[in-house]
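Here's the structure we're looking at; comments come further down.
The values are calculated or read from the model by the stated rules, or taken from the named source; none is laboratory data. Worth saying up front: this structure is predicted, and the values here are computed from it rather than measured. As a convention, Cβ positions derive from the backbone with ideal geometry for all residues, glycine included, and neighbour counts pool all protein chains shown. We work out accessible area using only protein heavy atoms, side chains counted, and drop any ligands, DNA or RNA first. Shrake-Rupley method; radii C 1.70, N 1.55, O 1.52, S 1.80 Å.
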Amino acid sequence: MAGQFIVGVANVIALLLGFVFLVRFWGLSKLKRAASMGFPKENCVNKNGNGKGESESEGVGTAEIIIVGAGVAGAALAYSLGKDGRRVRVIERDLNAPNRIAGEALMPGGYLKLIELGLEDCLDEIDAQRFLGYTLNKDGKEALISFPLEKIHSHVVGRTFQNGRFVQTLRKKVASLHNVSLEQGTVISLLEENGIVKGVHYKDKSGQLLTAYAPLTIVCDGCFSNLRHSLCHSKVDIPSYFVGFILTNCKLPKENFGAFILADPSPILFYPISSTEIRCLVDVPSQNLPSVSNGEMAHYLKTLVAPKVLPEFYNSFISAIEKKDNIRIMPNKIMAGAPHLTPGAFLIGDAFNMRHAITGGGMTVALSDVVILRNLLRPLHDLSDASAICKYLESFYTLRKPMSSTINTLANVLHMVFSAPSDPAMENLQQTLLGYLKLGGVFSSGVSALLSGLCPRPLSLAFHFIVMAIYGVGQLLLPFPSPKRLLDGAKLLWVASSVFLPIIHSEGVRQMFFPLTVPAYYRTPPKGKKI
């Protein structure tokens with residue numbers, strides 16, 4: 001009865017908050033074009049000079065747009081702009097298939113963006129697996145996070161795959177367009193003249209230094225970008241590393257569902273990347289990262305992590321660790337998107353904004369950004385007025401907030417909660433999350449909609465956080481509020497707020513929840529630039 005009472009109270013609060021949010025959404029629907037972010041106006045691109053070195057050739061031709069990087073974001077953007085008739089030049093450091101342990105999960109919301117870009121067929125022949133959600137396991141208890149796909153076409157689900165195969169199919173689509181050139185080269189720096197980026201300096205495959213010119217240069221060279229410092233406030237945090245390897249000869253507990261294990265000392269994640277392979281990712285704090293070369297990592301995985309995995313994974317887990325050169329390490333980088341407005345240049349993808357990879361939302365954010373930028377560029381016939389274009393594209397940073405801030409906040413919050421099981425307050429948060437998901441209905445479906453990118457709404461995220469906190473405190477106070485239980489409830493609220501609010505602050509409270517109050521005006525295409 002007490003549990004039902006808590007759920008009833010949560011439902012009443014949910015209805016009240018839902019009404020407030022509904023009114024808020026009605027007001028936001030009037031916003032035909034979002035307000036700009038009001039970032040600093042000064043140009044912060046490092047000056048490279050106009051003189052050419054002895055090894056540098058003359059300019060090698062012009063295009064309307066140069067794209068630096070042909071990963072998921074760069075290739076998708078190049079294809080979409082090329083289909084719109086743009087003359088695009090793509091310069092990618094390495095055109096061989098990437099060999100990464102990241103970028104292997106595409107949420108349903110990201111798949112919808114892929115359809116919008118006309119690129120869904122890139123998943124047809126790479127042995128991509130249907131991905132319907134996660135099973136969340138802790139101390140023998142299990143909660144199901146099932147993506148709410150009931151009202152969507154049956155072919156729209158999440159997908160998991162080998163990243164290199166997906167990137168290569170995207171690049172193949174790019175290369176099929178006659179007005180898009182794709183070449184291998186390493187971009188050294190941006191070319192600036194009188195405060196405006198005019199193109200890039202780069203080295204081709206033979207090492208020759210060349211210059212490429214275009215009215216607009218879009219940088220999307222990934223998480224290891226060497227150009228981002230010129231275009232944004234590039235403060236990068238690395239709270240942990242993913243230790244990844246491939247398991248064979250085993251099956252997931254629930255078909256088409258990844259398995260998430262909340263364990264001490266590390267959360268562990270399993271998901272399929274082909275019909276015969278399962279990727280395992282172990283989250284290891286940065287300060288405790290063992291060495292792979294001297295065998296410390298293998299020992300860490302066998303002694304501390306292996307005993308916590310599900311029994312059906314154990315033998316394959318041990319075999320994968322013992323396999324030579326099977327262990328890979330990837331830093332989990334977090335960087336808030338804080339751009340410098342730079343005429344002639346633009347920054348997107350992981351080069352611009354990163355969140356913890358624990359929820360697999362990176363590609364969904366990147367593809368959403370590509371759709372927004374493509375739509376902003378569509379009304380523009382001439383890109384020569386760099387200052388006007390820069391001012392117009394400022395609206396991008398507000399338009400991207402619903403998707404990016406929702407997924408960023410959820411990813412960073414969940415990592416902090418999942419990676420601190422030895423803290424009693426964090427333990428209570430984990431138990432609260434499991435219990436909340438088990439309530440079913442609007443509670444579990446709401447969280448999974450946020451996680452899957454199908455509900456990119458910061459207000460919905462805040463709503464579920466508030467109701468979850470109320471539910472957690474209610475559980476701690478049962479069967480009656482003793483002094484100790486009151487203290488535990490207060491600690492839970494304090495810890496939950498200390499986790500959630502700083503991340504919200506880094507994303508920008510006004511931009512997330514109150515975009516109409518941002519001191520800027522609606523951006524419209526510059527005069528004389530419409531088709």
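Quick look at the values:
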| read-out | value |
| --- | --- |
| Every residue from the range 467-522 that is of a type in the set (Phe, Trp, Tyr) and touching a Phe, Trp or Tyr at 6+ places or on another chain (Cβ under 8 Å) | TYR471, PHE500 |
| Where LEU281 falls short, out of the listed (1) open to solvent by less than 20 Å² (accessible area, probe 1.4 Å); (2) under 23 Å from GLY222 (Cβ atoms); (3) out of contact with any helix residue (DSSP H, G or I) (no Cβ under 9 Å at 6 or more places or on another chain) | (3) |
| In the range 262-274, the residues that are surrounded by fewer than 21 Cβ atoms within 10 Å (Cβ to Cβ) and at pLDDT below 95 | ALA263, ASP264, PRO265 |
| Residue within the range 312-331 that is more than 29 Å from MET107 (Cβ to Cβ) and either in the same structural domain as LEU216 (by the TED database) or among the small types (Gly, Ala, Ser) (or both) present | yes |
| Of the criteria (1) more than 27 Å from LEU459 (Cβ to Cβ); (2) assigned to a helix (DSSP H, G or I), which one LEU414 fails | (1) |
| Count - residues of the range 102-144 that are under 22 Å from ASP369 (Cα atoms), touching a strand residue (DSSP E or B) at 6+ places or on another chain (Cβ under 7 Å) and β-branched (Val, Ile, Thr) | 0 |
| The range 338-351, residues that are under 30 Å from ALA259 (Cα atoms) and in contact with a strand residue (DSSP E or B) (Cβ under 7 Å, 6 or more places away or on another chain) | ALA351 |
| Filter pass, SER286 being polar (S, T, N, Q), closer than 29 Å to LEU106 by Cβ and surrounded by 14 or more Cβ atoms within 10 Å (Cβ to Cβ) | no |
| LEU383, sole failed condition from (1) assigned to a helix (DSSP H, G or I); (2) farther than 26 Å from VAL447 by Cα | (1) |
| Positions within the range 227-259 being open to solvent by less than 20 Å² (accessible area, probe 1.4 Å) and either in a strand (DSSP E or B) or not assigned by the TED database to the domain that holds GLU92 (or both), in sequence order | CYS232, SER240, PHE242, VAL243, GLY244, PHE245, LEU247, PHE257, GLY258, ALA259 |
| From the options TYR397, TYR436, residue that is more than 19 Å from GLU507 (Cα to Cα), aromatic (Phe, Trp, Tyr) and either outside the structural domain of PHE245 (by the TED database) or open to solvent by less than 10 Å² (accessible area, probe 1.4 Å) (or both) | TYR436 |
